[in-house]
1. Output the number of residues of the range 128-143 satisfying the condition of being more than 14 Å from Glu59 (Cα to Cα), outside any helix (DSSP H, G or I) and touching a Phe, Trp or Tyr at 6+ places or on another chain (Cβ under 9 Å).
2. Taking the range 185-203 as the search range and keeping residues that are of a type in the set (Gly, Ala, Ser) and either within 14 Å of Trp9 (Cα to Cα) or at pLDDT 90 or above (or both), which one is surrounded by the most Cβ atoms within 10 Å (Cβ to Cβ)?
3. (1) in contact with a Phe, Trp or Tyr (Cβ under 9 Å, 6 or more places away or on another chain); (2) crowded, with 16+ Cβ neighbours inside 10 Å: which one isn't true of Gly44, the others all being true?
4. Show the residue pairs that are 6+ apart or on different chains and have beta-carbon atoms under 9 Å apart, the first residue being within the range 175-186 and within 12 Å of Leu39 (Cα to Cα), the second being assigned to a helix (DSSP H, G or I) and modelled with pLDDT of 95 or more.
5. Go through the range 71-93 and report how many residues are in contact with a Leu (Cβ under 6 Å, 6 or more places away or on another chain) and closer than 19 Å to Glu104 by Cβ.
Amino acid sequence: MRGDELTPWMVRYGYERAAFPMTMEDERVEWFQPRRRALFPIEGIHVSRSLEKTIRRQEFEIRFDTSFEAVMRNCLRPEDNWISEDFIRCYTQIHLEGWGHCSECWFEGELVGGVYGIAMGSCFCAESMFHRRTNASKVALWAMVNKCRELGFTIFDAQIMNPHLQSLGAYEIPHRAYQRILGKALTETTEWSKNPYSGDNGSH
């Protein structure tokens, strides 16, 4: 499919079926269902000594949902980039609909780190993160997992494992196991999990 065909409804439909989209080099959008799904423990990420010091010093101001599109744009990479302008358009609309969220790290008035993703039921699907200062993306991820736990989420999805995620405490489960726990999570709700397609406003 073409990127300009991507809609919030389509994103939700795919994610509810344990699939997620990525933009290919030719600008076409493909959907993926990895055989093993990477998750973070909802109890919290692994915090190294250096990260613990950064958190304790409160080096960054942590905010939520004040600069969603800016977080997305900062996640753009010069090469091997799967985020396109169509993705930014679509996911920003998801944010405006109330089920796209981000955590942000600010330093001296500048956005220096962040994580964004989407909330469905009690599952938060993290999409990407960035940093402009050391540990800023890790602090943003730490804050996002903690926020999701406080809000009643049961799953924090990280999609595909890589060494960086593993070092932060991510683990893998088989696709079928992910489908099972996702199915249960979709029957639950949090104040971040607005579903504009069901009449459910996400409130308790």
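The values are calculated or read from the model by the stated rules, or taken from the named source; none is laboratory data. If you're wondering where the values come from, they're calculated on a predicted model, not measured in any experiment. We place every Cβ from the backbone using ideal geometry, glycine too, and count neighbours over all the protein chains shown.
1. So in the range 128-143, the residues more than 14 Å from Glu59 (Cα to Cα) come out as 128-130, 141.
Imposing the further condition that a residue be outside any helix (DSSP H, G or I) reduces the set to 128-130.
Then drop every residue that is not touching a Phe, Trp or Tyr at 6+ places or on another chain (Cβ under 9 Å), which leaves 128-129.
Going through the range 128-143 one residue at a time, the tally reaches 2.
2. Within the range 185-203, the subset of a type in the set (Gly, Ala, Ser) is 185, 193, 198-199, 202-203.
Then keep just the ones that are either within 14 Å of Trp9 (Cα to Cα) or at pLDDT 90 or above (or both); that gives 185, 193, 198-199.
Numbers: Ala185: 20, Ser193: 26, Ser198: 9, Gly199: 6.
Only one residue tops the list, namely Ser193.
3. (2)
4. Leu182/Tyr15
5. Within the range 71-93, the first condition is being in contact with a Leu (Cβ under 6 Å, 6 or more places away or on another chain), and the residues that meet it are 83, 86, 90.
So of that shortlist, the ones also closer than 19 Å to Glu104 by Cβ come out as 83.
Counting residues in the range 71-93 that are in contact with a Leu (Cβ under 6 Å, 6 or more places away or on another chain) and closer than 19 Å to Glu104 by Cβ gives 1.
Yes/no matrix, rows are residues, columns are (1) surrounded by 13 or more Cβ atoms within 10 Å (Cβ to Cβ); (2) hydroxyl-bearing (Ser, Thr, Tyr); (3) more than 17 Å from the chain's Cα centre (by Cα); (4) not in a loop (DSSP other than H, G, I, E, B):
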{"residue": "Val29", "(1), (2), (3), (4)": "yes, no, yes, yes"}
{"residue": "Pro34", "(1), (2), (3), (4)": "yes, no, no, no"}
{"residue": "Ser50", "(1), (2), (3), (4)": "no, yes, yes, yes"}
{"residue": "Thr54", "(1), (2), (3), (4)": "yes, yes, yes, yes"}
{"residue": "Glu79", "(1), (2), (3), (4)": "no, no, yes, no"}
{"residue": "Ile83", "(1), (2), (3), (4)": "yes, no, no, no"}
{"residue": "Trp106", "(1), (2), (3), (4)": "yes, no, yes, yes"}
